[in-house]
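Take a look at the structure set out below.
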Amino acid sequence: MIIAGAALALLSACKMENPFFNESKLKYNAIEFDKIKLEHYKPAFEAGIAEGKANIDKIVADTAKPCFDNVIKPMEFSSPILDRVSNVFYNLMEADTNDEMQALAEELAPMMTEFSMYVSLNQPLFEKVKAVYENRDNENLKPNELRLLEQTYKSFTRNGANLNDEDKKTYAALVEKGSLLGLQFGKNILAATNAYTLNVTDSAKLSGMPQFILTQGKETAEEKGQEGWTFTLQAPSYVPFMKYCADRELRKELYMAYNTRAISGENDNSQIVKDIAENRIKIANILGYETYADYALETRMAKDKKTVEDFLANLMNPSLPFAKAEVKEIEDYAHENGFEGKLESWDFSFWSERLKEAKYSLNEEELKPYFELESCINAAFSLAGRLYGLQFEPIDLPVYHKDVKVYDVKDADGNHKALFYADFFPRESKRGGAWMTEFRGQSIENGVEKRPFISIVTNFTKPTAGEPSLITHDEFITFLHEFGHSLHGMLAEGEYPSQTGT
């Protein structure tokens with residue numbers, strides 16, 4: 001692919017060596033995380049956008065009859081620089097962000113929206129895509145090529161290509177606003193989560209708490225320069241605290257803090273939520289849909305709102321009686337064991353755990369030694385080996401945080417299949433939850449295959465000074481779930497990046 005003069009000027013004007021401008025020299029072209037600096041991102045985004053625009057312009061300017069090979073295929077590979085930098089930047093915005101990156105993301109949002117609109121609202125480009133689509137029966141396309149053509153055409157029609165010029169401007173402004181609102185929402189959630197801690201200095205209030213929670217709380221307090229025990233709103237701290245803390249007032253305090261994050265104060269998301277909903281309705285309306293749900297569901301399995309509503313109703317009717325019976329069982333048990341009054345939301349985790357212990361003589365503290373994280377990782381790797389012949393070998397490559405481990409994934413014959421980045425523990429720079437993503441997808445361009453770089457990110461219980469990471473059964477289920485997505489990415493076999501992996 002050619003690079004526009006503007007992009008070349010950016011490359012030559014850049015005095016520092018920017019790791020995003022060329023393929024990495026590391027094994028498998030792995031990401032050079034050790035070389036990436038904050039100041040590398042914006043020039044790479046600018047160069048990538050210029051490169052992408054130049055290649056889109058080349059497609060539009062081509063006087064040959066529009067066909068798959070001169071329109072659809074080159075669009076798939078139009079901006080390798082932008083692909084490299086965005087896959088790193090936006091993934092690290094979720095996994096290891098900071099104030100500077102968040103500010104840069106807000107600065108980049110208008111640039112990225114403008115480039116997106118440069119493609120999706122490009123009328124001459126759409127006319128070429130439409131011409132190929134309408135001639136698809138005569139193109140003799142392979143199934144994957146036909147699928148890519150159909151997806152490309154649908155993407156244009158669902159992203160404003162048929163709007164008039166005035167509505168295109170309005171649509172572009174709405175998309176940019178939505179992007180900025182989403183960034184601010186996530187920023188506020190992370191800030192609100194990090195802003196709160198529950199510090200307890202009276203050991204009597206923590207009587208009966210399992211040792212692993214106390215050890216974790218003690219280490220957190222020491223990290224923050226506090227006395228006693230400190231608990232946070234991160235899942236490995238919050239969830240076991242709600243299950244085991246006998247002090248109801250402390251449970252209520254932590255519960256209320258968790259469930260009122262970012263709805264007041266300097267990190268208030270209340271108006272942002274309303275603005276996001278209103279913005280989505282406007283986007284749906286301008287594209288010809290009654291609601292945003294109608295727009296979003298069109299390409300999903302459900303297809304329409306009625307299917308979703310019927311599914312939920314059919315699920316609710318048979319399950320609700322059992323749910324009510326379980327709630328009553330927990331309430332009865334609590335009252336039989338000295339609890340007075342009405343159980344509130346901050347009581348159910350605690351009393352359901354006590355009921356489980358009473359009925360099955362089983363508690364999470366007894367289970368945890370069976371779920372040492374390293375053993376769980378080895379078990380998952382062993383399962384992938386039995387099912388797919390995969391081998392996971394630790395490999396020494398640069399990472400974006402010291403907690404991240406990298407594995408070279410090979411098939412039964414020793415052929416490289418993927419790099420697997422594993423990032424398991426919570427930190428203040430990482431959002432909550434668990435997810436699988438990729439730093440590079442699998443694709444084949446000009447006969448050369450690129451194997452994927454897959455990442456799994458979670459917020460599991462951290463190891464302490466005295467013991468390794470012992471995760472809960474729920475965390476183990478989460479690991480298997482995300483590892484399943486990871487296998488989907490690692491085993492990808494296809495030609496076009498938008499069609500491979502997840």
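The values are calculated or read from the model by the stated rules, or taken from the named source; none is laboratory data. Because the structure is a prediction, the values reported are computed rather than measured. Using ideal geometry, Cβ is built from the backbone for each residue, glycine included, and neighbour counts are taken over all protein chains shown. SASA here: full protein model, heavy atoms, side chains in, ligands and nucleic acids out. Shrake-Rupley method; radii C 1.70, N 1.55, O 1.52, S 1.80 Å.
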Sequence-separation-based contact order of the chain, relative, with Cα cut under 8 Å and 6+ spacing, percent | 13
For region 266-336, Kirkwood radius (reciprocal of mean inverse C-alpha pair distance, Å) = 15.6
With a bin width of 5 angstrom, please list the P(r) values of region 230-282 as percents of all Cα-Cα pairs, from the 0 bin to the one holding the largest distance.
-> 4, 17, 21, 16, 13, 12, 9, 6, 2, 0
Theoretical gain in end-to-end length, Val60 to Glu39 [0.36 nm per residue, Cα-Cα removed] = 4.3 nm
Quick one: ranking Leu108, Leu183 by accessible area, 1.4 Å probe, largest first, what do you get?
-> Leu183, Leu108
For region 60-164, which whole percent of the accessible surface, found with a 1.4 angstrom probe, sits on carbon and sulfur atoms?
-> 47
Qualifying chymotrypsin sites (Phe, Trp or Tyr not before Pro) for region 49-108 [loop in DSSP, other Cβ within 10 Å: at most 16] = Phe77
For the chain, what does -39500 (n - 2.57) per DSSP helix run (n ≥ 4), summed and divided by total residues, give at 222 nm, in deg cm²/dmol to the nearest 500?
-> -18500 deg cm²/dmol
Provide the FRET efficiency to the nearest 0.05 for the Asn337-Arg427 pair, computing r from the beta carbons and using R0 = 41 Å.
-> 0.60
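Using square roots of five times the C-alpha gyration tensor eigenvalues, list the equivalent-ellipsoid semi-axes of region 417-502 in whole Å, biggest first.
Listed largest to smallest, the semi-axes of region 417-502 are 30, 12, 10 Å.
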Cβ-Cβ FRET estimate between Thr291 and Glu493, R0 fixed at 45 Å, reported to 0.05 | 0.75
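Can you give the local net charge around Tyr421? Use residues other than it whose beta-carbon is closer than 15 angstrom to its beta-carbon, Lys and Arg +1, Asp and Glu -1. Don't skip to the end; give the middle numbers.
Values: positive: Lys27, Lys402, Lys405, Lys417, Lys430, Arg440, Arg451; negative: Glu32, Asp34, Glu94, Asp96, Glu393, Asp396, Asp403, Asp408, Asp423, Glu438, Glu482.
Residues near Tyr421 contribute -4 overall.
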State the three equivalent ellipsoid semi-axes of region 320-390, derived from the C-alpha gyration tensor as the square roots of 5 times its eigenvalues, in descending order and whole Å.
-> 37, 15, 10
Over all pairs of different Cα atoms in region 191-286, the reciprocal of the mean inverse distance gives a Kirkwood radius in Å of 15.0
Summing +1 for each Lys or Arg and -1 for each Asp or Glu, what net charge is found among the other residues whose Cβ lies under 11 Å from the Cβ of Glu145?
-> -1
For the chain: span of alpha carbons on each principal axis (Å, largest first) = 83, 52, 46
Whole-Å semi-axes of region 352-421's equivalent ellipsoid, largest first, each the root of 5 times a Cα gyration tensor eigenvalue?
-> 35, 17, 8
One finds the C-alpha centres of region 305-381 and region 97-121 to be spaced, in Å, by 42
Antiparallel bridges, percent of DSSP beta bridges restricted to the chain (to nearest 5) = 80
Here the FRET efficiency for Gln271 versus Met316, based on Cβ atoms and R0 = 30 Å and rounded to 0.05, is 0.40
Longest segment of the chain with no trypsin sites (Lys or Arg not before Pro) in a DSSP loop having at most 14 other Cβ atoms within 10 Å?
-> 38-223
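According to the square roots a ≥ b ≥ c of the eigenvalues of the Cα gyration tensor, what is the shape class of region 112-213, taking rounded for a/c under 1.5, prolate for a/b larger than b/c otherwise, and oblate for the remainder?
Details: a/c = 6.75, a/b = 2.41, b/c = 2.80.
Judged from the Cα gyration tensor, region 112-213 comes out oblate (a/c at least 1.5, b/c at or above a/b).
Given the Cα-Cα distance of Phe185 and His416 and 0.36 nm per residue of separation, how much length would full extension add, in nm?
Going from the current span to full extension adds 79.2 nm.
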Globularity index of region 91-137, i.e. its alpha-carbon radius of gyration over 2.2 N^0.38 Å = 1.81
If you line up the Cα atoms of region 25-124 on their principal axes, what length do they span on each, largest first, in Å?
-> 48, 34, 19
With no solvent and one equal point scatterer placed on each C-alpha of region 244-362, evaluate the Debye formula and give log10 I(q)/I(0) for q = 0.11 Å⁻¹, two decimals.
-> -0.70
Using only C-alpha positions, report the orientation-averaged shadow area of the convex hull of region 162-229, nm², one decimal.
-> 7.5
So, counting K/R as plus one and D/E as minus one, what does the shell of residues with Cβ under 12 Å around Asp396 add up to?
-> -1
Computed accessible area, Leu297, all protein chains, 1.4 angstrom probe, square angstrom | 30
Roll a 1.4 Å probe over the protein chains and send me the accessible area per residue for the chain in Å².
-> 51
Separation between Cα centres of region 446-478 and region 247-263, rounded to whole Å | 28
Once Tyr118, Tyr171 are ranked on solvent-accessible area with the largest value leading and a 1.4 Å probe, the list reads Tyr118, Tyr171
Over the residues of region 288-426, compute the C-alpha Rg and express it relative to 2.2 N^0.38 Å.
-> 1.66
Please work out how much length the chain gains when fully extended from Tyr370 to Lys450, using 0.36 nm per residue of separation minus the C-alpha to C-alpha distance, in nm with one decimal.
-> 25.0 nm
